[in-house]
1. For region A:10-20, name all the residues that are surrounded by 13 or more Cβ atoms within 10 Å (Cβ to Cβ) and not β-branched (Val, Ile, Thr).
2. Give me a count of the residues in region A:457-515 that are in a loop (DSSP other than H, G, I, E, B) and more than 9 Å from chain B (Cβ to nearest Cβ).
3. When only residues in region B:320-373 that are within 20 Å of the chain's Cα centre (by Cα) and polar (S, T, N, Q) count, which is nearest to residue B:94 (Cα to Cα)?
4. (1) part of a helix (DSSP H, G or I); (2) among the aliphatic types (A, V, I, L, M); (3) more than 10 Å from every other protein chain (Cβ to nearest Cβ): which one isn't true of residue B:281, the others all being true?
5. If residue B:196 meets every condition in (1) touching a residue at least 40 places away in the same chain (Cβ under 8 Å); (2) facing another protein chain (nearest Cβ under 8 Å) apart from one, which number is that one?
6. Could you check residue A:421 against (1) facing chain B (nearest Cβ under 9 Å); (2) buried (at least 24 other Cβ atoms within 10 Å of the Cβ) and say which number it fails?
7. Return only the number of the condition from (1) within 14 Å of chain B (Cβ to nearest Cβ); (2) crowded, with 18+ Cβ neighbours inside 10 Å; (3) touching a helix residue (DSSP H, G or I) at 6+ places or on another chain (Cβ under 9 Å) that residue A:383 does not satisfy.
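The values are calculated or read from the model by the stated rules, or taken from the named source; none is laboratory data. Keep in mind it's a predicted model, so treat the numbers as computed, not measured. As a convention, Cβ positions derive from the backbone with ideal geometry for all residues, glycine included, and neighbour counts pool all protein chains shown.
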Amino acid sequence: MLNLQRWQTIVVIAFTALAVLFALPNVLPAGLLDHLPGWYQQSRINLGLDLRGGAHFLLEADLRSVLNERLTNLSDSVRAELRKSQVGFKDVTVDNGRAVVVTLRDEAQRAKALEAIRAVDPSLAVSGSGDVIQLAYSDQDLFRRKKEVIDQSIEILRRRVDETGTIEPTIVRQGDDRILLQMPGIKDTTDLKRKINQTAKLTFHLVNEDIAAAGSNAPATLPPTTSLVPTREGMQQLRATNPKAWDEIQNANPKLSPEQICRRFQPQCLPVFKRVVVGGEDLDDAKATFEQQQGGRPIISFTFNAAGGRAFCAATRANIQKRLAIQLDNEIISAPVVQSAICGGGGIITGSFTTQQTQEQALLLRSGALPATLSIIEERTVGADLGADAIHSGTIAAMVGTALVILFMLAVYGPLFGGFASLAMMVNMLLVFAGMSVLGASLTLPGIAGLVLTVGMSVDSNVLIYERVREEKENGRSPFSALATGYERALTAVIDSNLTALIAGVLLFGFGSGPIRGFATSLTLGLLTHLFTATIFTRMLLSTWVRWRRPTELPI
Amino acid sequence: MLWRPHHLIRAHTKFDFLGKRRIALVVSTAINVLSLLGAFVFGLNFGIDFEGGIAVQVRAKEGTIHLDELRSTLGALGIGEVSLQEFGDASTALIRVQRQEGNAQCVANADRVMKHRAGDGWSVKPGPGDTGDVEFTAPGGLDAANWRDAVSRAGLTAQERQLPRGNTNIARIDMTHDQRAEWCQQVAIKLVEDTIGDKYDFRGTESVGPKIGAELMHSGVIAVIATLCAIAIYVWFRFEWQFGVGALIALLHDVISTLGLFVLLRLDFSLTALAALLTIAGYSINDTVVIFDRVRENMRRYKKMGLVELLNFSINETLARTLMTSGTVFVAVLALVLFGGPVLYSFSIAMLWGVIVGTYSSIWIASASLVYLKLRPEQLRTSEEKGEKAKA
């Protein structure tokens, strides 16, 4: 049967209309687009970095050092705990990248030693016999830790490279230990590297309670040991109530010091001693948890390395009932009151927090230093003008290619059949654009090449059908019957010949990255959608034409 | 009607394609052997995607580019082999520098970069011991801020776990040899920028470290093999095993001869070239499948016809569509070759060749293999006997 059933016709038309709808946001003016719903605005093709210009980095995290460092810390804690439980040991060493090895002085103390070790971390995998105890983290634990390191690095990178929130970088995990960072519109990578290296500075300071007790937010005179620092709350309030002042602070060059900000704009500020009690580089970890007793309030717990732990212990012992300000860059994110000496190598921050707030604060605390060294293993930058050149030549090649294919089809199959095939090919392009828009795929220069190839390949199926129709016509079939048999008999060849190209496209997608993936996307999508346009769509056009003109001979 | 359709070739042609199968066999074998030999003797011109190294596209700020001058300037830098080619127009060039090793020369280069970018007081030395460590020495005291700025200038990222502590002007960066080798690509880019930056604009830079290069090479080879096998298995599945083998031979022929083209023209074998290779594999089989489809149909219809005759008949019957389908893709790819710009050039040339050779191999390799693979042996025998009689 050549004729489509009514519902088939409706589906074809609806499908095409949907394609138009979803491809449309690519060409609508920005002013109009703003009034449309968000999900619809999102339906756009992104230009790949090779077309819009920008920087692409592949970073590799040095997880091995992280593990080694962690084992070193573990060996410190184990040593301390063994001493506390009065277990004699010859040595506690780190077996490179794998385990901590404890050698006991007396085998008889093994049980006592194991108990002490369990007090450090009950989840450790313990092995060895006699006077040797080997401690390792479980695979599960290592896996979780690796994921944490990468996730945390991604968060920190995002904070650093996109302070203003306007660049929309792509930062995603790749494989086990890699991070892909894509920054559109960036050409100066030295500047970008400086931003990546721009550690948020986290420090702990004591609050000068004598000055604070005086009650003035910005006292006129301060002792030389003390300076004023705005609180994060205060700054956010300022941003909400006085956006002009906020802009001024952000754009000031040279940057305003915290004290200058306090004096000029009067946000909520605290007088803190300039001396740093502990630096953020000594902070090992911070996480949002819940209090054990007292109704399980959300709290933040943090741990220091050995050096940080000692300094923190000394400072808290001497300053009970005073506030300890935690300063991140130029803001105080929190100033909890010291309740008791904190000597366990870590502590908790309590307050009236919501769960979300504790999570935010923990993240802020962690964003002091990147948890692992990241090295660049691949870097590609494309200048905006190079991207513009690529768009230009790609567009011309696509237009010329399309024109040549249409001319070719018109010349060989005449205005009617050639025209229908060309129309189907254009609708196919529309479908590809709509598909890429819905998927949010990136259009790259190889992707344009894929589109040009799709133009050439998508009329191929019509060629197969038309040639079959010619054959059937020569066999003496009536126009209607020739068309119907032609479509029916060419179908297996159409599907078989395209599936092989689809196989190649899918494998290419799996293999490739970046631009190559763009090529695989447009080619695969084009081949898939053309199975619809080259067969059903042209069949609809031709059957309508046959019913309308009732031809005695096919002009093919 | 404005114009009438033109048949590309007249109907019912009776070319004796497979009569020439021995000539085709000799020619194709020769081309393939030469391609493989060429690939082994001269090697493929691997781009940085697979080899690692750096590639920089520069445009002269004034006038045209002087390749000889550039070559001698960059050749003296101590960054190894530098290759230059004009890229698109006379004022643009593509500079390619071989993969950098993490050796002492690279640390010396880093020293020059630091002196140029951060000031003469800075120096970079290899660390003590046989690791990849490097030591940065500052002119004055080091604090976190100037340390970060300095390492950023040297192209290092995110080394803050190694922040110098206390009163010092030396910062040691712990690195393994492999990590240093990755960093050395960055050093080479900086050095090239410092050396020719006053006369040239940098339009785009790429650096691929040794690790990624090796990985891409590995997965590229796997991708090609997987694609060829997957397609052959599909054809086998849809037809008889002889068809699958015939398709695989034709695919190998197309892929190997395309590699030969890359050797002959010294085309850059990059990721896009690999994409071309896979696409050729996927596309060149199209014609083959169309012919096979017809062969199968005719086999059922003409049970008495000899195999060679039947194949010839089927190829002639499908000749118009074979030429047309290849023709449409050919003109589209031609547009890419002519207007697609320098980045796509290798890809487009390879595709153009792939379209032509794919059409050839559908007829003379894939279909001819069916004869040698003795598809339906009893039919083959009658066909051969006929041939003998005709000769006699």
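1. Of all residues in region A:10-20, those surrounded by 13 or more Cβ atoms within 10 Å (Cβ to Cβ) come to A:11-12, A:15-16, A:18-20.
Within region A:10-20, A:15, A:18, A:19 meet the criteria.
2. Total satisfying the criteria: 4.
3. Filtering first and then ranking leaves B:346.
4. Answer for residue B:281: the failing condition is (3).
5. So residue B:196 meets the others, but not (2).
6. Checking residue A:421 against (1) facing chain B (nearest Cβ under 9 Å); (2) buried (at least 24 other Cβ atoms within 10 Å of the Cβ), the one that fails is (1).
7. (3)
For (1) at the interface with chain B (Cβ under 10 Å from one of its Cβ atoms); (2) in a helix (DSSP H, G or I); (3) in contact with a Phe, Trp or Tyr (Cβ under 6 Å, 6 or more places away or on another chain), each residue gets a yes or a no:
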| site | (1), (2), (3) |
| --- | --- |
| A:359 | no, yes, no |
| A:375 | yes, no, no |
| A:378 | yes, no, no |
| A:389 | yes, yes, no |
| A:395 | yes, yes, no |
| A:400 | yes, yes, yes |
| A:410 | yes, yes, no |
